[in-house]
Amino acid sequence: MVEAAYKLSINQQKVVLLLASSIKPGDENFQPYQINIKDFANLLGLKNKNFYNEISHLTKDLLSRTLSITTEDSLLQINWLSSVQYFKGSGVIELCFDPKMKPYLLQMKERFTTYRLKEVIQLKSSFSIRIYELLKQYEKIGERIFLLEALRQHLGIGSEEYLLYGDFKRRVLLASQTELAAKTNISFDFEEIKEGRKVTKIRFVIHAQASEESFDPVVQGALFQLAEHGNLANPELEIILAELPKEYQKQKSIRKLVADALAQYGTEHVIRNIRYANDNSNATNPGSNVAKGANYRNYLSKTLKNDFGLAYQEDQEALKAKEEAARAKAKAEMLLKRQEEDRIEKEKSLLAKAQEFIQKLDPDEQREVEAAAILSLPPEMQKMALESRITAKIAIRRAMERVVIERYFKDESLNQNSAQSSSGEE
């Protein structure tokens with residue numbers, strides 16, 4: 001459900017969270033869950049006398065809201081609630097989840113996300129709640145990467161909203177970063193991953209942190225997904241198991257192997273060795289290592305025991321750094337080549353302008369420019385010029401072009417040099 005695509009207002013999200021926290025571990029079917037209207041109004045910060053009407057509009061709109069849950073073989077589009085009932089004079093409302101929500105909320109024994117309702121009920125942004133949920137899944141792993149477009153879909157952001165990445169960053173990422181750090185038990189930093197100049201992925205780095213314990217008594221101690229209930233699986237383990245090739249994820253022997261290694265070595269050790277096994281086992285990558293057999297379980301067991309993944313990870317990081325350095329060097333060389341080509345082209349353009357300019361001078365002006373050009377030559381070349389030698393004539397012509405550039409196109413020449421200098425500094 002956390003991975004589903006949907007969009008709710010902040011107060012609608014709080015309705016869903018409070019309702020979910022009412023589910024008991026042994027429930028086999030959804031019960032009609034009741035909420036005290038006054039307490040709930042206080043929780044939502046509704047202070048005016050018409051809060052009954054506000055909550056009524058809120059739940060009516062929630063009845064029409066949907067979420068989309070993608071599985072391996074289907075796309076389920078479903079309403080959050082099947083009914084909302086107000087009992088006159090009782091001060092309570094009764095809400096029921098849609099029956100098709102059962103697999104995602106009742107008797108959960110596999111992958112799930114847990115958190116205390118009190119951590120998020122105080123948040124003011126619906127984006128903050130969604131980002132909290134998405135990152136809380138990966139808290140023990142410490143990072144999570146999203147395609148930017150996929151993240152927008154998770155957050156229910158439409159194609160016409162926050163079209164500029166700068167607006168998305170400011171209104172969604174930075175705002176949620178500030179709020180989670182101030183009010184919850186996790187915080188995050190994020191890195192923008194680009195293709196060319198365009199941001200295409202966001203890498204979140206997740207940090208656990210202590211949170212305040214001064215919460216409204218209405219939600220004090222309330223739990224979302226009943227995290228402490230003993231028959232629920234380890235969510236961290238389920239996320240790590242997702243690193244395995246699909247065909248091995250449900251094999252009991254491999255799940256036990258990974259669970260034991262997680263308890264003995266910790267998350268980082270297990271993940272890097274699973275990745276090593278995925279890349280190097282003949283079972284998943286035929287021919288990668290002809291000296292080894294094709295039994296993935298045995299290969300993974302040896303890998304976990306000997307921590308082959310550590311050196312492999314270091315080698316991969318070193319290779320990545322080397323490739324990045326090579327790319328940076330190639331980019332710098334390409335820049336220098338382009339600058340040199342630009343310089344030559346601009347120099348040719350200036351020479352062409354100078355030659356054209358000289359042709360348009362009257363004879364007296366040409367003689368004056370020629371005299372200035374001769375004086376700019378080295379003494380031995382000046383002597384040859386006075387003797388009217390052919391070699392000197394070529395030198396005089398080049399010198400005349402330089403004199404004209406200096407006199408009449410000086411600004412263009414200076415701009416060219418300045419641009420080259422600036423590019424070199426960059």
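Please treat every number below as a calculation from the coordinates, not as lab data. In this text, all values refer to a predicted model and were calculated from it rather than measured experimentally. Cβ placement follows ideal geometry from the backbone for every residue including glycine, while neighbour counts extend to all protein chains displayed.
Its residue count N fixes a reference of 2.2 N^0.38 Å for the stretch 309-385, and the Cα radius of gyration divided by that reference is 2.30.
Evaluated at q = 0.15, 0.18, 0.19 Å⁻¹, a Debye calculation over the C-alpha positions of the stretch 269-415 (equal weights, vacuum) places log10 I(q)/I(0) at -0.88, -1.00, -1.05.
Evaluated on the stretch 238-333, the Kirkwood hydrodynamic radius is 14.4 Å, with distances taken between all distinct Cα atoms. For the stretch 123-214, the tally of Lys pairs with Cα-Cα distances below 15 Å comes to 5, considering only residues 8 or more apart or on different chains. When the alpha-carbon atoms of the stretch 1-107 are used, the pair Rg, Dmax equals 14.3, 48 angstrom.
The order of the peptides 341-349, 52-60 by mean Cβ neighbours within 10 Å, most packed first, is 52-60, 341-349.
Here the stretch 162-207 is treated as a Stokes sphere of Kirkwood radius computed over C-alpha pairs; at 10 °C and 1.306 mPa s its diffusion coefficient rounds to 139 µm²/s. The stretch 347-414 and the stretch 161-200 have Cα centres separated by 60 Å. Overall, the stretch 123-214 carries a charge dipole of about 200 debye about its Cα centre when +1 sits on the Cβ of Lys and Arg and -1 on the Cβ of Asp and Glu, all other atoms neutral. Farthest towards the positive end of the charge dipole of the stretch 235-304, among the residues Ala283, Ala259, Leu304, is the Cα of Ala283, using unit charges on the Cβ of Lys, Arg, Asp and Glu. Charges were assigned to the Cβ only: +1 to each Lys and Arg, -1 to each Asp and Glu. The resulting dipole of the stretch 235-304 about its Cα centre is roughly 260 debye.
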